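Heads up, the thing below is written out as structure tokens.
The values are calculated or read from the model by the stated rules, or taken from the named source; none is laboratory data. Everything numeric in this text was worked out from a predicted model, so none of it was measured. In this analysis, Cβ positions are derived from the backbone assuming ideal geometry, glycine residues included, and neighbour counts consider all displayed protein chains.
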Amino acid sequence: MKKRLAMVVALALFLAIGTAVASPVHPNTFGIGALWGSSVGGGGGNFQDNNRVALSLKFPTLPVFWGVRLGGFGDTIWVGVQGDHYFMGSQLTRTLGWFLGVGAYGQIWLGDDMAFGFGGRLPIGLTWQPLRFLEVFGNVAPQIGGYIYTHGDGGFEFPHGGFLGIELGIRVWL
């Protein structure tokens, strides 16, 4: 019990210190772009399911980098959202930086059968800004999630989905 408490306190301090030195890597303006994601290790059910492209958004007043996907096949449509807060990071060079964050994802499939995937993630990555308004980024994100579904007899699976998210993207800062 003492070991768990010590781990929780250490994590809280790590997050508090990281938030206090929030990443100077990304501008505090509106950003929009494209994000490609995939996952390794396990089945689908997470945001990067099946190598899909998402809209990447960053709003100036929120410390969260968003990814939004919408799609469908046959009689099924789906929407997925992920949000990451980068609590640590710095510039390595004038144009290259790194970040570490914490995030979550959710995805819902609607059709004859319904399903909902969800989970948490820890993205760590690099960002390159060759021009003040242009950013190219990539990260890996260990993740774990669950899956609730209605097909067959229905059920719940945990853990479910890929256990390592991989993302590449480009963003324009306005």
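Figure legend. Inter-residue proximity from region 26-42: first residues closer than 15 Å to residue 84 by Cα, second residues modelled with pLDDT under 85, beta-carbon distance below 6 Å, spacing 6+ or different chains. Indicated pairs: 37/48. Do we have residue 145 as assigned to a strand (DSSP E or B) and either touching a strand residue (DSSP E or B) at 6+ places or on another chain (Cβ under 8 Å) or hydroxyl-bearing (Ser, Thr, Tyr) (or both) here? In short, yes.
Of the set (1) exposed (fewer than 15 other Cβ atoms within 10 Å of the Cβ); (2) of a type outside the set (Ser, Thr, Tyr); (3) closer than 26 Å to residue 159 by Cβ; (4) at pLDDT 90 or above, all apply to residue 51 but (4). If only residues of region 66-117 that are more than 28 Å from residue 149 (Cα to Cα) and aromatic (Phe, Trp, Tyr) are counted, the one that is farthest from the chain's Cα centre (by Cα) is 98.
Looking at region 148-174, which of its residues are part of a loop (DSSP other than H, G, I, E, B) and touching a residue at least 40 places away in the same chain (Cβ under 8 Å)?
159, 160, 161, 162, 163, 174
Could you say which residue among 80, 67, 125 is crowded, with 18+ Cβ neighbours inside 10 Å and in contact with a Ser or Thr (Cβ under 9 Å, 6 or more places away or on another chain)? The match here is 67. Checking each residue in region 86-105 for being surrounded by fewer than 22 Cβ atoms within 10 Å (Cβ to Cβ) and free of Cβ contacts under 8 Å to residues at least 40 places away in the same chain picks out 92, 93, 94, 95, 96, 104.
Condition check ((1) in a helix (DSSP H, G or I); (2) at pLDDT 55 or above; (3) within 18 Å of residue 121 (Cα to Cα)) across all residues:
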site	(1), (2), (3)
9	yes, no, no
32	no, yes, no
39	no, yes, yes
47	no, yes, yes
56	no, yes, yes
66	no, yes, yes
